[in-house]
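The values are calculated or read from the model by the stated rules, or taken from the named source; none is laboratory data. Remember, predicted model here, so these are calculated numbers, not experimental data. Reconstructed Cβ throughout: ideal geometry from the backbone, glycine too, with neighbour counts over all protein chains shown. These area figures cover heavy atoms from the full protein model, side chains too; ligands, DNA and RNA do not enter into them. Shrake-Rupley method; radii C 1.70, N 1.55, O 1.52, S 1.80 Å.
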Amino acid sequence: MKPTVPSPAALPATESYGTARSVRQWAITTTTGEQITGYLPPWAAEDPSEQDVPPQKLAARLADVCHYKEFPGQVLRAYSPGNVTDEPEELEVMSSSITCTPYAPAPELALPVATVRVAGEYWMTDLDPTGVANLVAGLRAVADRLDHVVIPQLNDIRADWTTHHTSGAGARP
């Protein structure tokens with residue numbers, strides 16, 4: 001079975017977030033009337049606005065503010081020894097997200113970063129644009145090796161095997 005490859009039309013559109021548009025805000029208001037507001041990016045999946053927050057919980061609510069946008073990965077069929085059916089199963093690889101935690105403990109940690117879920121419980125976190133570019137270069141190198149080295153050698157090895165292997169002669173039952 002061939003893996004499901006999303007068409008470019010199925011992928012999220014590329015947007016320019018630097019263009020002029022109305023600036024959205026989120027707001028957290030305490031039961032005492034104190035209000036904290038912040039920038040709500042157009043790409044954010046959720047609005048963290050909240051009302052009637054007890055003042056003693058305000059710091060925790062601000063620490064939880066996280067803007068994010070998710071991107072789908074690629075679904076492939078893969079074997080896992082833990083699968084009870086002994087059959088390959090669908091596995092999403094290389095899904096990603098962009099997150100921003102504006103109230104991170106240090107200013108450099110408050111910048112948007114990318115996270116890539118390689119597969120299962122394996123993640124690459126806190127990637128800046130250079131980190132994502134390095135990942136892309138590494139994946140392209142793997143794809144090139146599969147395309148230009150593994151496939152030709154697999155074809156040669158299969159041809160050699162088909163030419164020289166005699167099924168049944170000396171084979172064990």
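Figures for the structure shown
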quantity: Qualifying residue in the stretch 48-55 (condition: surrounded by 11 or more Cβ atoms within 10 Å (Cβ to Cβ) and within 24 Å of the chain's Cα centre (by Cα)); calculated: yes
quantity: Residue pairs meeting the criteria (Cβ under 9 Å; at least 6 apart or on separate chains; first under 13 Å from Lys69 (Cβ atoms), in the stretch 32-56; second modelled with pLDDT of 95 or more and open to solvent by 90 Å² or more (accessible area, probe 1.4 Å)); calculated: Leu40/Gln25; Ala45/Glu70
quantity: Where Leu40 falls short, out of the listed (1) out of contact with any helix residue (DSSP H, G or I) (no Cβ under 7 Å at 6 or more places or on another chain); (2) modelled with pLDDT under 95; calculated: (2)
quantity: Residue in the stretch 91-101 that is at pLDDT below 95, open to solvent by 60 Å² or more (accessible area, probe 1.4 Å) and either more than 23 Å from Ala119 (Cα to Cα) or among the small types (Gly, Ala, Ser) (or both) present; calculated: no
quantity: Any hit, the stretch 2-25, residues being more than 23 Å from Met124 (Cβ to Cβ), at pLDDT 95 or above and either open to solvent by less than 40 Å² (accessible area, probe 1.4 Å) or part of a loop (DSSP other than H, G, I, E, B) (or both); calculated: no
quantity: The listed residue being closer than 30 Å to Ser80 by Cβ and touching a Leu at 6+ places or on another chain (Cβ under 6 Å), out of Ala137, Ala141, Ala114; calculated: Ala114
quantity: Residues satisfying the stated conditions in the stretch 102-124, i.e. under 18 Å from the mean Cα position of the chain (by Cα) and open to solvent by less than 60 Å² (accessible area, probe 1.4 Å); calculated: Val113, Ala114, Thr115, Val116, Val118, Ala119, Gly120
quantity: Any pair with Cβ under 7 angstrom, 6 or more apart, that starts in the stretch 125-144 at a residue that is open to solvent by less than 60 Å² (accessible area, probe 1.4 Å) and ends at one that is modelled with pLDDT of 95 or more and small (Gly, Ala, Ser); calculated: Leu127/Ala114; Val132/Ala114
